[in-house]
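Contents: one structure, followed by commentary.
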Amino acid sequence: PDLTFKREVNAGNSDPSSQIWLPGDGMNLAVGQGDVLVTPIQLATAYGAFANGGTLYTPRLAKAVLEGGSTLGEPRVVRDLPVQPSRKVELDQTIVDKILPGLEGVVCAPEGTANAAFDGYECGQVMGKTGTAEVPNKQDTALFVGIGPARVDPANPQPQYVVAVVVEQGGFGGSVAAPIARRVFDALRGDPNPPPVVTYRPNV
């Protein structure tokens, strides 16, 4: 949302504050509240651009079209579906450098909101952000978006994945969405049948 959006939404509203951008509008925008609406695929795309230096890609559901029946043996490619960059977002590296430690801390700092869900992961393996979206008259929606590995060495490139989990009316992002993402990252790391995730640590 911006001022143009606010004026369009409030067309005909006699309250003069509905036609100007207020400090509270900026604060809501910063934390994803108010009129901010984002789909799961938009979250994943945005985090991907953050991780790769600012390139937004058109989401694809497959890497190639295969000949019918060839998935049972040697796959025969009929047509490749290459990645489709859509546009470049200019990211200020000084701001990126300030955001990165916070995203890493969500997972690996003791007070991080997804720390319990990623117990056993070393710092730097995954970074992300939990979210708990409020929906009027309903249970909160749980969110987690993660990037793994958190940073990639340009001298030793490796695949980097974004996992976005949204559980409508699921509750808190750290205890509902983050454990689901943890199991996806476990599978990406070679464990297709990981054990259940513990989202709390009992006092010992």
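The values are calculated or read from the model by the stated rules, or taken from the named source; none is laboratory data. Being a predicted model, the structure only gives us computed values, none of them experimental. For neighbour counting, all protein chains shown are included, and Cβ atoms are generated from backbone atoms with ideal geometry for every residue, glycine included. Heavy atoms of the whole protein, side chains included, go into the accessibility calculation; ligands, DNA and RNA do not. Shrake-Rupley method; radii C 1.70, N 1.55, O 1.52, S 1.80 Å.
Estimated from helices alone, the mean residue ellipticity of the chain at 222 nm is -8500 deg cm²/dmol (sum of -39500 (n - 2.57) over DSSP H runs with n ≥ 4, per residue). Note on Lys138: aspartates and glutamates with a C-alpha under 17 Å away, same-chain residues under 8 apart excluded, are Glu168. Packing around the peptides 173-184, 132-143, taken as the average count of other Cβ atoms within 10 Å per residue, puts them in this order, highest first: 173-184, 132-143. Can you spot the lysines whose alpha carbon is less than 29 Å from Lys63's alpha carbon? Ignore those fewer than 8 places along the same chain. The qualifying lysines are Lys88, Lys129.
Could you pull out every whole DSSP H run in the chain that spans at least 27 Å of Cα extent along its own axis and averages -0.5 or higher on the Kyte-Doolittle scale? Both cut-offs are met by no helix.
With contacts taken as Cα pairs under 8 Å at a separation of at least 6 residues, the chain carries a relative contact order of 14 percent.
Take Val89: with every protein chain present and a 1.4 Å probe, its accessible area is about 50 Å².
Each other residue within a Cβ distance under 12 Å of Lys6 adds +1 if Lys or Arg and -1 if Asp or Glu, for a net charge of -4. Within the stretch 70-133, the GluC sites (Glu not before Pro) that combine a DSSP coil assignment with at most 14 other C-beta atoms in a 10 angstrom radius are Glu90, Glu111, Glu122.
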